[in-house]
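Below you'll find the structure, written out as structure tokens, and then a few comments.
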Amino acid sequence: PTDADHVYVENEGSYESFDGGETFQRVSTPHGDNHDRWINPTNPMVQVQSNDGGANVTLDGGATWSSQHNQPTAELYSVDVDDRFPYWLYSGQQDNSTIRVPSNPPATGSAGGHTGNWEAVGGCETGPVVPKPGEPAIVYANCKGRFGRFNQETGQEKQYYVGFQNLYGANPADLDYRFQRVVPIEVSPHDPSTVYHGSQFVHKTTDEGVTWEQISPDLTAFRPERQTISGGPITRDITGEEHYSVLYAIEESPVQAGVIWAGSNDGLIQVTRDGGETWTDVTPPDMAPEGRVQTIDPSPHRAGKAYFAYYRTLLGDLTPYIYKTEDFGQSWTLLTPGHNGIPSHHATRAVREDTEREGLLFAGTEFGMYVSMDDGTTWEKFQYDLPRTPITDMKIHQGDLVLSTMGRGFWIMDNLSPLRQAAAAMAEDVYFFEPVDAYRLRGGGFGGFGQAGPDEPQYSPVGAMLDYMLPAGVRSVELSIHDGSGEMIRLYESEGPGVSTERAQEMRAPFFQTRGAPSPGTKAGLNRFVWDLTVPGPGGAARGGPMVVPGQYTASLTVDGETHERSFNVLMDPRVAADGVTVADLQEQFDLALEIQAAIEDADQTIERLRGVQERVSEGTDVERQLKEIERALLTDDSISSYPQPMLRDQFNYLYRNSISADQEPAVDMYDRLEALVTELEEHKSQLERLSRMVTDG
């Protein structure tokens, strides 16, 4: 801004000229594929630069740059999920590796900070990377049209390309098989050994890519004049991204095997109902031509029903296109006319129907998310805290809505049950949603009410999610939890009218969980309360109690005196069950923890009584000395700065913490130790009783 001859040009590299563009020199940036640069108009040394790795700031004209490792700016082309518990998310990231990340922290944790659980899984930046059902160590991976089988156990990727032609630099007219950089890989929902893959043809393998069978003719609107070298002789750019007349989406119906849909990037959608023996072009006749069939979603409810999102932004058309068929493509309905909720300039990239509630649809657009409760007749914005960014793909998995974005990484909406029950909720002033079953998990999600550091993934809270809808003006809310016998084991009370359960996060990075019992919200609209599956700790403390045993529980919601009840199950962590732990083990552990709690409370009452007797005794007397000896036996001397000897009260605490630190059958030594500690406590109680009588009798 202060020197007209000083020019920057952003390209794959970043370039700088000091003579008005006559000569350029390449300059360093933190990442390649540079897109934009902002220069402070009053202080040109301050600049912000963006590229395929994120954004970075310089205060010295580009000599040094800020880190890109403090921002979730991954550009993800798609999202796939595995069937582990908890599940992991998979994608290719533009100008980076493929990636696999957990939906909740792995049980073992990681020493690598917020990137410690990231894993590359074969293929390359384009993806997709699709885990094999039932065997997540095996991942079917793509790199710019090249198919591979990655094995996490060996770290090796076997190469099984269709045709084995080098695509880079090749004129697409000379290729036997035209592959886009981002090609479809679809594992059959009916047979995990069957995988579909797309060039201009649909290819099928049943041996993980060793052999391929072509099961379709060319399913594109092939036009020879479109098969050219992108950029011509001057800016030649042939990496596969430019290949036209290729398949971009392949999906098999989860309802009926052999019903396979295929969509091309030049405007056709086709279907087979016999596993590829015959194909029918079912492209809507009035659809704008030559766009990209971005995603196809065969309905999980009916075989003949399907949706697809159509994308023409690269042709200068931002119109949203989502189509629905209920008769295998014989007829189509446009669900996005531009006046029913999705604006006429919000181009659509993805559409998904809920796996449980038919007609509940989600649409991912160039500018965020939309939801339809009526099978696409109307749409509503569904953004909340989601960044305003392109939504590239969606999956509905284990009750969650999982998203990939172009520029802001993965996002998950936990627990879709309120949306699935929305129709019933709208008919009531107060509605207590049916809870989903809750798993006993340890260590994940930073606790039901804790906080993560600002650079950590914001994992789902652990516990039972209790959702309820309230009208305006509610004064009080109580939530109580009851076990299978009807006994109340937890009670939470609201703080006042109009209060949300949400907590503002401090600017500094919190290193510990917030303390104290949470309060159920009273604000109008949807409220979510997460019970952490524990009972009170020793002395009725809000935290620190043992986790409840798997079984059925009832939540009772009382709103201004009116009570609503819902039942749900607490389930064992499947990984714990696989380790041989039984519900009987957990019941025994819970009972032991309550025994130790009772002993701790007995010790605390003894200490309190000791204090009372000490207040009635003169200093220097023999009784005062004996009371002091009891105190030293019960309480650790905190005046010793390093490694004070833990006395009886802390010995109880030590045993208690160990007894509930993992899901397990209690150790025999735990019982022996508790018996010894209780015996010692009883001896001190007897001594205290004797001394107390002496003081009382004078």
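The values are calculated or read from the model by the stated rules, or taken from the named source; none is laboratory data. If you're wondering where the values come from, they're calculated on a predicted model, not measured in any experiment. Here the Cβ is made from the backbone with ideal geometry for all residues, glycine too, and neighbour counts use every protein chain on show.
Being of a type outside the set (Ser, Thr, Tyr) and surrounded by 17 or more Cβ atoms within 10 Å (Cβ to Cβ) is a property that Gln614 has. If you go through region 202-260 and keep only what is at pLDDT 95 or above, aliphatic (A, V, I, L, M) and in a loop (DSSP other than H, G, I, E, B), you end up with Val210, Ile215, Leu219, Ala221, Val246, Val255, Ala257, Val259. Return the residues of region 41-68 that are free of Cβ contacts under 8 Å to residues at least 12 places away in the same chain and touching a Ser or Thr at 6+ places or on another chain (Cβ under 6 Å); say none if nothing qualifies. Hit for region 41-68 is Val57, nothing else. Return yes or no: is Ser78 within 28 Å of Gly399 (Cα to Cα), hydroxyl-bearing (Ser, Thr, Tyr), in contact (Cβ under 8 Å) with a residue 12 or more places away in the chain and surrounded by 15 or more Cβ atoms within 10 Å (Cβ to Cβ)? Yes, satisfied. Among the residues of region 582-606, those that are within 17 Å of Gly540 (Cα to Cα) and aliphatic (A, V, I, L, M) comprise Leu592, Ala593, Leu594, Ile596, Ala598, Ala599, Ile600, Ala603. Residue pairs whose Cβ atoms lie under 8 Å apart, separated by 6 or more positions or on different chains, with the first residue in region 556-581 and in the same structural domain as Asp437 (by TED's automatic domain parsing) and free of Cβ contacts under 8 Å to residues at least 12 places away in the same chain and the second surrounded by 15 or more Cβ atoms within 10 Å (Cβ to Cβ) and among the hydroxyl-bearing types (Ser, Thr, Tyr), are Thr563/Ser556. Check region 587-603 and report whether any residue there is among the β-branched types (Val, Ile, Thr) and assigned to a helix (DSSP H, G or I). The answer is yes, given that some residue of region 587-603 is among the β-branched types (Val, Ile, Thr) and assigned to a helix (DSSP H, G or I).
Test of understanding: among Asp60, Asp3, which residue is assigned to a loop (DSSP other than H, G, I, E, B) and touching a Phe, Trp or Tyr at 6+ places or on another chain (Cβ under 9 Å)?
Every option except Asp3 fails the conditions.
Of all the criteria given as (1) over 30 Å from Met572 (Cβ atoms); (2) surrounded by 11 or more Cβ atoms within 10 Å (Cβ to Cβ), the one not satisfied by Asp663 is (1).
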